[in-house]
Amino acid sequence: MNIRPISRCQSNFNEVAELCHSEREPVVITKNGYADLIIMRVSDYERKLARLELYDKLTAAQKQIDSGTPLIDHSEFFDRRYKL
C-alpha cells in the first residue's frame, strides 16, 4: 500500500498521480499521522463501483430467493424483457 503525508502531496502532487498510474494502486494520504484520503485512478474507482453495484444486485436476488418469491428461468426473463 502506498502511503504519503499530505504535506508531501501539497508540494508534489504529480508524484502522487504518477504513483497511482504506475503502481495501479490507490495512494493513502495521511494527515497528522492518520489516514485521511485515498487517491486512485478513475478507471479503478469505476470498476470498484460496478463491483459494489453487482454485489447489491446479488444480495437483493438472494433475499428474493430466501423469501420464497417465485422465480422464472432466464429464457422467460428475456422473453418478457425484449418482447416488443
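Residue 3: hydrophobic (A, V, I, L, M, F, W, C) and in contact with a Leu (Cβ under 8 Å, 6 or more places away or on another chain), yes or no? No: the conditions fail for residue 3.
For the stretch 48-76, a residue qualifies if it is within 28 Å of the chain's Cα centre (by Cα) and among the hydrophobic types (A, V, I, L, M, F, W, C), and the qualifying residues are 49, 50, 52, 54, 58, 60, 61, 65.
I need the full set of residues from the stretch 24-56 which are among the small types (Gly, Ala, Ser) and surrounded by 11 or more Cβ atoms within 10 Å (Cβ to Cβ), in order please.
First, pick out the residues of the stretch 24-56 that are among the small types (Gly, Ala, Ser): 33, 35, 43, 50.
If the condition is that a residue be among the small types (Gly, Ala, Ser) and surrounded by 11 or more Cβ atoms within 10 Å (Cβ to Cβ), then 35 is the only one that fits.
One residue alone among 69, 59 is part of a helix (DSSP H, G or I) and loosely packed, with under 13 Cβ neighbours inside 10 Å, and that residue is 59.
Throughout, read-outs are computed from the coordinates displayed, never taken from laboratory work. Not measured: the values here are computed from a predicted model. A quick note on method: Cβ atoms are made from the backbone with ideal geometry, for glycine too, and the neighbour counts reach across all protein chains shown.
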